[in-house]
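Everything below concerns the one structure shown next.
The values are calculated or read from the model by the stated rules, or taken from the named source; none is laboratory data. Only a predicted model underlies this, so the values are computations on that prediction, with no experimental measurement involved. In this analysis, Cβ positions are derived from the backbone assuming ideal geometry, glycine residues included, and neighbour counts consider all displayed protein chains. The accessibility values were calculated without ligands, DNA or RNA, using every heavy atom of the protein model including side chains. Shrake-Rupley method; radii C 1.70, N 1.55, O 1.52, S 1.80 Å.
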Protein chains: 2
Amino acid sequence: MKIAIDAMGGDHAPEQIVAGALEAAVAYPDTTLILVGDEARLRALVKEWPANVTLHHAGEVIESDDEPAKAVRRKKDASMVVAGRLVKEKQADAMISAGNTGALMATGLLVVGRLPGIERPAIASMIPTVDGAGFLALDLGANMDATPEQLCQYAVMGSIYCRQVNGIERPRVGLLNVGTEAMKGNEAVKAAHGLIGRAPLNFVGNVESRDVMFGNCDVLVCDGFVGNVFLKTLEGTAAAIFSMLKAELAKDLSGKLAGAVLKPRLRQFKNKLDYSEYGGAPLLGLAGVVIKAHGSSDATALKNAVRQARQALMNGLVDALAQGI
Amino acid sequence: MKIAIDAMGGDHAPEQIVAGALEAAVAYPDTTLILVGDEARLRALVKEWPANVTLHHAGEVIESDDEPAKAVRRKKDASMVVAGRLVKEKQADAMISAGNTGALMATGLLVVGRLPGIERPAIASMIPTVDGAGFLALDLGANMDATPEQLCQYAVMGSIYCRQVNGIERPRVGLLNVGTEAMKGNEAVKAAHGLIGRAPLNFVGNVESRDVMFGNCDVLVCDGFVGNVFLKTLEGTAAAIFSMLKAELAKDLSGKLAGAVLKPRLRQFKNKLDYSEYGGAPLLGLAGVVIKAHGSSDATALKNAVRQARQALMNGLVDALAQGI
């Protein structure tokens, strides 16, 4: 199993990316990790490389403010693009990048290629629930205006991912909506309700964002605009509550005492809410495994993304998606 | 100043609605409150009515599962519809209802009427921020598919509301989006960005839902689908965090001790996050002041809605909206 890693993408590249790759190399000795980037710079970071890590030179880097499609077309020797080419040419089975999300989507579309039958790939990610099980939400921002047919494709892809990678036999598929009744929603969602209902899925109907963190579905389907707003509202609300709680605990002596007891628990608890713990976000609908790691990925996050890419490969995700569509 | 109150609408009607009206009658002796509903039933609830509360009989009730427009057309003697008619016929200056939201919107459109120039009224509500100032978000669910022009009308109406009712001279208007760059978003939002930018508003551009609770705008503009998902994600995330925190504090002795100190603070803190504390949600764009109180309104919430209706009336909200459009 060979996994190409864009060593130059992300806020803490290349140091943390390389550190994560080294951790993953120890944890998964059956896997070869191909670090793609400035070879001289990468080589200088480590004295002794493990046998299952190889370096693959790429002379350019896509920056976070590059215009995605243009950058992918022009910077043919960018680490991200080269990693995508390794997947396309079957020199790698999967790729991981913590770089520019739009550029990774463009690399997926223009370099790796789409699965036949998929109009638009989707960004999927596990979202935490109170019971710790989590659910897969898609699309979280690849495609801003989804048609009902595209929403239905997301439902199929999300369901297959949950079955192949998370091992859930009949994943409960929910459609993100403003009410549970079938006729609720905007025009695209109303039409999608009918399409998903007729697909061979375990469709539980419309679900409300108020309820999803309490675990009422395994796959949450939405367009990329709504999904991105949903994800960022979740992050923002959690951040706001923790910041208010922190201020409350710093107010006086009894608060500080309670805070001393609570602090380690709150940290644990914050980690439980941190969706990057689940690994990266797979780009579903491409002709290869492509994982978007969080831009701020540290070594642990990168290692988790490798674990996730391995699971996708071992469970034959791409073949299952190609057959399921 | 006369405010009509739908005494039969809401989960705790008529008891809590009447109790709230009595509290408001004491707090605001200059205001006449017209309780609309089953007169015999209402009369039996109170021994001595304050001089500034009057009863107005209405023989029917719109139920929470009634089909909105149909119910408003057929149940001409429903308490909600009669309250709307009092506003239309200038026998009341404002109306408040904790009943069926869709039916209240239909009452607004079909009975009270729209302001000239407004295509679709919007539901607006104050959302809490970490600093306690809050911001006005609209639309939160009146209109599922908003055009760029309608989004721009929301921006204008929200800005006028913030100036007239909240006393903010130049309210900062933000457009809810997936990124801050001008070209981000779905087609409707991209077009709205240009329109709002050319309107005579203090437009701060696109804002992300991750940041809004930290107070980066006074008015948040979005379509009713996205707004409703946003609001319910906020509610759901807060509920999920509090439920996880509660479980954490019940786990062992030191947790329980910390919990004993924290409990009253957490309650206070939860109230800070409870947007119903700000009163009800005004329906903006109608030819009268119409306030939607939360379906689960108790006496305090209803009293807050009366306070809000008074503020809107005293500050000439409807005239300002009519002129501003």
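How much accessible area per residue does region B:131-232 have, in Å², with a 1.4 Å probe?
Each residue of region B:131-232 exposes 34 Å² on average to a 1.4 Å probe.
Using alpha-carbon positions, what is the distance between the centroids of region A:40-85 and region B:254-271, in Å?
Spelled out, the Cα-based centre of one part sits 50 Å from the other.
Which value results when the Cα radius of gyration for the protein assembly as shown is divided by 2.2 N^0.38 Å?
The value comes to 1.06.
Where is the GNM fluctuation largest for chain A (alpha-carbon springs, 10 angstrom cutoff): A:21, A:146, A:40?
Maximum fluctuation in the GNM of chain A, among the listed residues, is at A:40.
Taking K and R as +1 and D and E as -1, what net charge do the other residues with C-beta under 12 Å from the C-beta of residue B:121 add up to?
+1
Do any chymotrypsin sites (Phe, Trp or Tyr not before Pro) in region A:220-259 lie in a loop, going by DSSP, with at most 15 other beta-carbon atoms within 10 Å of their beta carbon, and if so which?
none
Considering only protein heavy atoms, what is the solvent-accessible area of residue B:193 at a probe of 1.4 Å, reported in Å² to the nearest 10?
The accessible area of residue B:193 comes to roughly 40 Å².
Out of B:244, B:126, B:157, any idea which swings most in a Gaussian network model of chain B, alpha carbons joined below 10 Å?
So, out of B:244, B:126, B:157, the one fluctuating most is B:244.
Which of rounded, prolate, oblate describes region B:139-254, given a ≥ b ≥ c as roots of the alpha-carbon gyration tensor eigenvalues and a/c under 1.5 marking rounded, otherwise prolate only if a/b is larger than b/c?
Taking the square roots of the gyration eigenvalues as a ≥ b ≥ c, region B:139-254 is prolate.
Using 11 Å as the cut-off for backbone N distance, which residues of region B:230-247 belong to the label zone defined by a point 7 Å from the Cα of residue A:257 along Cα→Cβ?
none
Rounded, prolate or oblate: which fits chain A when a ≥ b ≥ c are the square roots of the eigenvalues of the alpha-carbon gyration tensor, with rounded for a/c under 1.5 and prolate only if a/b beats b/c?
Here chain A falls in the oblate category.
When the accessible area of the protein assembly as shown is split by element with a 1.4 Å probe, what percent falls to carbon and sulfur?
50 percent
In chain A, which whole DSSP H runs stretch at least 20 Å along their own axis (Cα) and average 0.0 or higher on the Kyte-Doolittle scale?
Both cut-offs are met by A:224-249.
For region A:1-93, what does the accessible surface come to per residue with a 1.4 Å probe? Please give it in Å².
Here the residues of region A:1-93 average 51 Å² of exposed surface.
Set the Förster distance to 25 Å, then compute FRET efficiency between residue A:15 and residue A:267 from the Cβ-Cβ distance, nearest 0.05.
My answer for the efficiency is 0.55.
What nm distances, shortest first, do you get from the label point of residue A:57 to those in the other copies when the point sits 7 angstrom along Cα to Cβ?
Here the equivalent label points are 9.5 nm apart from this one.
How big is the A-B contact in terms of buried accessible area, both chains counted, 1.4 Å probe, rounded to the nearest 100 Å²?
That pair hides around 4500 Å² of surface in total.
Could you tally the net charge around residue B:171, taking each other residue with its Cβ under 9 Å from the Cβ of residue B:171, Lys/Arg +1 and Asp/Glu -1?
With Lys, Arg at +1 and Asp, Glu at -1, the net is +1.
Ignoring the sites themselves, what is the longest stretch of chain A with no trypsin sites (Lys or Arg not before Pro) in a DSSP loop and at most 14 other beta-carbon atoms within 10 Å?
A:91-250
Ordered by residue, what ³J(HN,Hα) values in Hz, to whole numbers, does region B:44-52 give under the Karplus form 6.51 cos²θ - 1.76 cosθ + 1.60, where θ = phi - 60° and Gly and Pro are x?
So the J values, rounded to whole Hz, are 5, 6, 10, 7, 10, 8, x, 4, 9.
Local charge sum around residue B:250 (other residues, Cβ-Cβ under 14 Å, Lys/Arg +1, Asp/Glu -1)?
Around residue B:250, the surrounding residues sum to +3.
Quick one: what Rg and Dmax do you get for region A:201-325 from the alpha carbons, in Å?
18.7, 62
Compactness ratio of region A:59-167: Cα Rg over 2.2 N^0.38 Å, N = residue count?
This ratio for region A:59-167 stands at 1.16.
In debye, nearest 20: dipole of region B:1-52 around its Cα centre with unit charges on the Cβ of K, R (+) and D, E (-)?
Result for region B:1-52 is approximately 140 debye, rounded to the nearest 20.
Within the protein assembly as shown, what percent of beta bridges assigned by DSSP are antiparallel, to the nearest 5?
Given both bridge residues lie in the protein assembly as shown, the antiparallel proportion sits at roughly 25 percent.
Near the amide H of residue A:172, under 5 Å away, which other amide H atoms are found, from residues 5 or more places off or on another chain, if H is placed in the peptide plane?
A:218, A:219
What's the center-to-center distance, using Cα atoms, between region A:11-39 and region B:115-191 in Å?
The distance from the Cα centre of region A:11-39 to that of region B:115-191 comes to 45 Å.
Based on the Cβ-Cβ distance of residue A:147 and residue B:183, what FRET efficiency does E = 1/(1 + (r/R0)^6) give at R0 = 22 Å, to the nearest 0.05?
For R0 = 22 Å, the calculated efficiency reads 0.55.
Using a 10 angstrom cutoff on alpha carbons, build the Gaussian network for chain B and name the most mobile of B:111, B:26, B:204.
Answer for the Gaussian network model of chain B: B:26.
Which positions within region A:212-239 get 50 Å² or more of their accessible surface covered by the other protein chains, compared to the chain by itself, with a 1.4 angstrom probe?
A:214, A:225, A:226, A:229, A:232, A:233, A:237
In nm to one decimal, list the spacings between the residue A:145 label point and its equivalents in the other copies, with label points set 7 Å along Cα to Cβ, shortest first.
In nanometres, ordered from closest: 1.2.
How many partner chain Cβ atoms sit within 10 Å of a residue's Cβ in peptide A:256-263, on average, as a whole number?
Neighbouring Cβ atoms belonging to other protein chains average 5 per residue here.
Indicate the gyration tensor shape class of region B:9-65 (rounded, prolate or oblate), computed on the Cα atoms with a ≥ b ≥ c the square roots of the eigenvalues: a/c under 1.5 is rounded; otherwise a/b larger than b/c is prolate and the rest oblate.
prolate
Relative contact order for chain A using alpha-carbon pairs under 8 Å, separation at least 6, rounded to a whole percent?
Reported as a whole number, the value is 23 percent.
Amide H to amide H under 5 Å from residue B:113: which residues, 5+ apart in sequence or cross-chain, H placed 1.01 Å off N in plane?
Here the answer is B:287, since their amide H atoms fall under 5 Å of that of residue B:113.
Can you work out the PRE-style zone for residue A:67? Point 7 Å along Cα to Cβ, and I want the residues of region B:154-196 with backbone N under 17 Å.
Once the point is set 7 Å along Cα→Cβ of residue A:67, B:181-185 turn out to lie under 17 Å by backbone N, inside region B:154-196.
For region A:1-155, what's the relative contact order in percent, using C-alpha pairs closer than 8 Å and at least 6 residues apart?
Here the relative contact order equals 22 percent.
Where does region B:16-119 land on Rg/Rh, using Cα atoms and the Kirkwood Rh?
0.98
Per residue of A:202-208, how many C-beta atoms from partner chains lie within 10 Å of its own C-beta, taken as a mean?
1
In terms of modelled amide H atoms, which long-range or inter-chain residues lie less than 5 Å from the amide H of residue A:207?
HN-HN under 5 Å from residue A:207: A:175, A:176, A:177.
Give the relative contact order (percent, whole number) for region A:136-252; include only Cα pairs under 8 Å separated by 6+ residues.
For region A:136-252, the relative contact order is 39 percent.
Under the convention of a label 7 Å out along Cα→Cβ, give the distances in nm from residue A:130 to the same position in every other copy, shortest first.
2.5
Anything over 23 Å Cα to Cα? Flag those among B:47/B:90; A:88/B:184; A:184/B:190; B:263/B:292; A:70/B:184; A:90/A:292, in the order listed.
Violating the 23 Å Cα-Cα cut-off are B:47/B:90; A:88/B:184; A:184/B:190; B:263/B:292.
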